[in-house]
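The structure under discussion appears below in the form of C-alpha cells.
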Amino acid sequence: MGVSGNHGSMLPNHLKIFVFAGIAWAIWRSRNKMCFASNPLNVFRSGAAFVQKWRPLLGGADQVVIASLGEKLMTWLHNFTPSSATVSDIVEL
C-alpha cells in the first residue's frame with residue numbers, strides 16, 4: 001500500500017521524503033523522552049504536526065497535497081481502535 005495523493009496517484013519522491021522527515025523527526029524526539037507507558041500513536045500525531053508545520057516550505061500545489069494527506073492521517077488516527085491482543089516478542093517453541 002503506497003502513500004497516495006490526489007486522484008489516487010503516488011506521491012512524488014520529494015513529498016515522500018518530506019513526509020518521512022516529519023515522521024523520522026517525531027520518532028527521534030519521542031525516542032529521547034519515551035517511557036514504557038507511552039502511546040505509540042503520539043509519534044504519528046507528532047509527525048503529522050511536524051509535516052503540517054513545515055508545509056509552508058513547499059510549493060503551492062505540494063502544500064495542497066500535504067494538507068489533504070495530513071487531514072486523512074488525522075482522521076485515521078482519530079478513528080483508530082487499537083487491538084486488545086497481547087503483543088510479545090517471546091516465542092514459545
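Of all residues in region 57-79, which are farther than 16 Å from V43 by Cα and aliphatic (A, V, I, L, M)? Answer for region 57-79, where residues must be farther than 16 Å from V43 by Cα and aliphatic (A, V, I, L, M): L57, L58, A61, V64, V65, I66, A67, L69.
Candidates are the residues of region 37-66 that are over 12 Å from V19 (Cβ atoms) and hydrophobic (A, V, I, L, M, F, W, C); the one that is modelled with the lowest pLDDT is A37.
Report yes if some residue within region 4-12 is among the hydroxyl-bearing types (S, T, Y), in a helix (DSSP H, G or I) and either at pLDDT below 85 or more than 14 Å from the chain's Cα centre (by Cα) (or both); otherwise report no. No - not one qualifying residue is present in region 4-12. Taking the numbered list (1) surrounded by fewer than 15 Cβ atoms within 10 Å (Cβ to Cβ); (2) at pLDDT 85 or above in turn, G22 passes all entries but (1). Residues that are buried (at least 17 other Cβ atoms within 10 Å of the Cβ) and among the small types (G, A, S) within region 47-88 comprise G47, A48, G70, listed in sequence order.
The values are calculated or read from the model by the stated rules, or taken from the named source; none is laboratory data. The structure presented is a predicted model; accordingly, all values stated were derived computationally and were not measured. Backbone-built Cβ (ideal geometry, glycine too); neighbour counts: all protein chains shown.
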